[in-house]
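Before I ask anything, let me first share the structure, which is written out below as structure tokens.
The values are calculated or read from the model by the stated rules, or taken from the named source; none is laboratory data. Since we're looking at a predicted model, the values are computed, not measured. Because the Cβ atoms are built from the backbone with ideal geometry, glycine has one as well, and the counts that use them run over all protein chains shown.
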Amino acid sequence: MALPVTMYRWDDPGAPQLSQTQGSAVDVIKKCLIDGYGTKEPAGWVIEEISSDNKNMIFSPKSRAWMYLIYDDGRNSYWGNRGAMVGAIDAYNSIEEPISSLNYSDWTSRTLKDSSYYNQVIDKIASKWVILADEESFYLLLNDIGSGGASAGCFFGKLDGNGHDLAYSVIANYGYYKDYDTCQLFSSYTSHKSILEITSAYPILVDVNTGTLDSIHEVGPINVTSGSFIDVGPSGISIDGVWGPIYFKNKSLKISAFLPNAEMALSPPHTKPEQFEVIDNYLYFNHVRFYLGE
């Protein structure tokens with residue numbers, strides 16, 4: 001996210017709202033990335049195809065380097081209207097006929113217990129959402145998920161590959177609990193408070209090390225003061241403590257990319273910001289902060 005970042009919020013005037021209504025996740029993503037709302041300009045993404053009822057969509061970043069599919073019509077018998085199914089695709093004949101080099105299970109039932117499947121789901125029971133977006137990537141941060149008040153995030157688009165242009169990924173979330181077919185990114189749910197719970201396959205379109213499609217197998221922060229890798233859970237939120245960038249490693253455990261504009265707290269908390277609070281051009285969310293630019 002070296003490009004200018006725009007913040008979209010559930011409480012902006014004219015903002016769309018996320019709910020268990022079919023199509024609500026498509027509505028939020030479309031209005032933030034493609035249409036704009038109120039006084040907010042869109043982030044610059046592109047609609048490739050959208051269903052006549054506006055519940056399912058194929059969309060892409062401005063570069064069209066990769067495409068993303070979202071099914072938000074309640075077709076999945078396990079998730080129902082609570083979950084919007086998402087994935088990355090290479091091409092399509094229609095919304096119902098996506099073409100992908102990734103391995104997907106049937107979109108209408110619960111994903112089989114097999115780590116080779118790339119199916120993902122966005123949990124729509126969240127009373128508050130924030131999208132941080134530029135024309136190539138975006139975070140969807142969800143708060144007050146379900147009765148337990150959990151929170152988690154999603155990421156779509158281009159990772160920071162140190163100049164490598166095709167390090168695209170998609171990481172969705174189901175923030176209310178962890179199981180073999182759900183992801184928790186930046187989660188606050190009970191004991192699941194790591195950066196990313198790796199429970200299924202999360203892709204990297206072109207890995208900088210191999211030059212081919214790869215997947216995320218390890219994630220963690222780097223201590224910027226020592227340069228060392230840290231493979232422990234978060235220490236907590238800290239405004240004036242030490243923060244480190246968040247890396248992804250591929251199947252060979254070589255660093256592939258970093259999450260753009262995101263850092264994780266490495267030192268014990270000093271002053272704890274409120275959820276979604278912005279201080280000195282950083283937005284704070286659980287144990288992570290996001291740089292919003294000048």
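I need the full set of residues from segment 34-67 which are more than 17 Å from Tyr8 (Cβ to Cβ) and either among the polar types (S, T, N, Q) or in contact with a Pro (Cβ under 6 Å, 6 or more places away or on another chain) (or both), in order please.
Ser51, Ser52, Asn54, Asn56, Ser60, Ser63, listed by residue number.
For the subset of segment 191-204 comprising residues that are within 17 Å of Ile171 (Cα to Cα) and assigned to a loop (DSSP other than H, G, I, E, B), which member is modelled with the lowest pLDDT?
Lys193
Six or more apart or on different chains, Cβ atoms under 9 Å: show the pairs whose first residue is in segment 31-48 and on the phi > 0 side of the Ramachandran plot and whose second is part of a loop (DSSP other than H, G, I, E, B) and at pLDDT below 95.
Gly44/Leu3
On to the next question. Determine, yes or no, whether Tyr117 is surrounded by fewer than 23 Cβ atoms within 10 Å (Cβ to Cβ) and closer than 23 Å to His217 by Cα.
Taking the combined requirement at face value, the residue satisfies it.
Which count do you get for residues in segment 80-109 that are under 19 Å from Ser52 (Cβ atoms) and over 21 Å from the mean Cα position of the chain (by Cα)?
The total comes to 6.
Every residue, every condition in (1) out of contact with any strand residue (DSSP E or B) (no Cβ under 8 Å at 6 or more places or on another chain); (2) within 19 Å of Asp144 (Cβ to Cβ), yes or no:
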residue: Leu3; (1), (2): yes, no
residue: Arg9; (1), (2): no, yes
residue: Asp12; (1), (2): no, yes
residue: Pro16; (1), (2): no, yes
residue: Thr21; (1), (2): yes, yes
residue: Val26; (1), (2): no, no
residue: Leu33; (1), (2): no, no
residue: Gly36; (1), (2): yes, no
residue: Thr39; (1), (2): yes, no
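Mind listing just one residue for me: the one in segment 140-180 that is assigned to a strand (DSSP E or B) and among the hydroxyl-bearing types (Ser, Thr, Tyr) and, of those, modelled with the lowest pLDDT?
So, considering only residues that are assigned to a strand (DSSP E or B) and among the hydroxyl-bearing types (Ser, Thr, Tyr), the one modelled with the lowest pLDDT is Ser151.
While we're on this one: Somewhere in segment 181-190, is a residue of a type outside the set (Val, Ile, Thr), more than 14 Å from the chain's Cα centre (by Cα), surrounded by 15 or more Cβ atoms within 10 Å (Cβ to Cβ) and modelled with pLDDT of 85 or more?
Within segment 181-190 (the criterion being of a type outside the set (Val, Ile, Thr), more than 14 Å from the chain's Cα centre (by Cα), surrounded by 15 or more Cβ atoms within 10 Å (Cβ to Cβ) and modelled with pLDDT of 85 or more), the answer is no, since none of the residues qualifies.
Another question about this same structure. Identify the residue in segment 68-79 that is more than 17 Å from the chain's Cα centre (by Cα) and over 15 Å from Ser19 (Cα atoms) and, among all such residues, is modelled with the lowest pLDDT.
Of everything passing the filter in segment 68-79, Tyr78 is modelled with the lowest pLDDT.
Continuing with this model, one more query. Tally up the residues in segment 37-62 that are farther than 20 Å from Cys154 by Cα, surrounded by fewer than 17 Cβ atoms within 10 Å (Cβ to Cβ) and out of contact with any Ser or Thr (no Cβ under 8 Å at 6 or more places or on another chain), please.
The qualifying residues number 5.
From Val219, Val232, grab the single residue that is at pLDDT below 85 and surrounded by 20 or more Cβ atoms within 10 Å (Cβ to Cβ).
Val219
Now, a different point. Using beta carbons and a limit of 6 Å, which pairs, at least six apart or on different chains, have the first residue in segment 205-222 and in a loop (DSSP other than H, G, I, E, B) and the second one surrounded by fewer than 18 Cβ atoms within 10 Å (Cβ to Cβ) and of a type in the set (S, T, N, Q)?
Cβ pairs passing all conditions: Leu213/Ser101.
Just to be sure before I move on: is Gly87 surrounded by 12 or more Cβ atoms within 10 Å (Cβ to Cβ) and within 12 Å of Tyr68 (Cβ to Cβ) in the structure I sent?
Here the answer is yes, as Gly87 does meet what is asked.
Okay, moving on. Return the residues of segment 247-287 that are closer than 18 Å to Tyr8 by Cβ and either touching a helix residue (DSSP H, G or I) at 6+ places or on another chain (Cβ under 8 Å) or in a strand (DSSP E or B) (or both); say none if nothing qualifies.
Pro260, Asn261, Ala262, Val278, Tyr282, Leu283, Tyr284, Phe285
Residue-wise test of (1) among the acidic types (Asp, Glu); (2) outside any loop (DSSP other than H, G, I, E, B).
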position: Pro4; (1), (2): no, no
position: Tyr8; (1), (2): no, yes
position: Gly14; (1), (2): no, no
position: Glu48; (1), (2): yes, yes
position: Ser52; (1), (2): no, no
position: Asn81; (1), (2): no, yes
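Go through segment 83-128 and give me each residue that's at pLDDT below 90, of a type in the set (A, V, I, L, M, F, W, C) and not in a strand (DSSP E or B).
Selection gives Leu112, Ile125.
Sticking with this one: Just one of Ile99, Ile122, Ile131 is among the aliphatic types (A, V, I, L, M), surrounded by fewer than 21 Cβ atoms within 10 Å (Cβ to Cβ) and at negative phi; which is it?
Ile99
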